[in-house]
C-alpha cells in the first residue's frame, strides 16, 4: 500500500511538472529563403534571464521541447550573417510557439532586432488553453 502511494505521488508530481512548460520551435532562413544549418539559436526567458541553446539541423530547424512559460527573446548567430533577435515572444503553457528567423548577410557583431507587437497566432494544435466557468457564462446572458 505504501509503495502504491509513493508511485501515485510521483506520477502526480510528474503531471504537475509537465503542465508548466511548453515548446518553442522554428526555422532559420537566409535572405534568399534557403534554410541555414548549424546556426546557434538562444532562447532567453525575459523574466528570469535563463538561456537555452540549440544548433539548427540540416533542415534549418530548432526546438526547445520543454521550457517554462513566459516571454522569450530568440537570438540566432551564424558566421557570415548579422545576429538576429526577436523579442516579446510569449510562450503559454501547453501551447507550442513557432518563431521563424531570417538572417541577413553581414558581420556577426551587427544585430537586427525585431520586437513582437501583436499576439502570434497559434497554428500547431486545435487546443484552447482557457477554461470557461459557469459563473462567467451566466454573466454574459
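Any read-out appearing in this document is the output of simple, stated calculations on the displayed coordinates, not a laboratory observation. Please read all numbers here as calculations on a predicted model, not as lab measurements. When we count neighbours, we look across all protein chains shown, and the Cβ atoms used for this are built from the backbone with ideal geometry, even at glycine.
Nearest 0.05, what FRET efficiency do residue 79 and residue 23 give at R0 = 30 Å with Cβ-Cβ as r? With R0 = 30 Å, the Cβ-Cβ based efficiency is 0.65.
For the stretch 59-104, the direction-averaged projected area of the alpha-carbon convex hull comes to 3.6 nm².
Fully extending the segment from residue 58 to residue 90, taken as 0.36 nm per residue of separation minus the present Cα-Cα distance, adds 8.8 nm.
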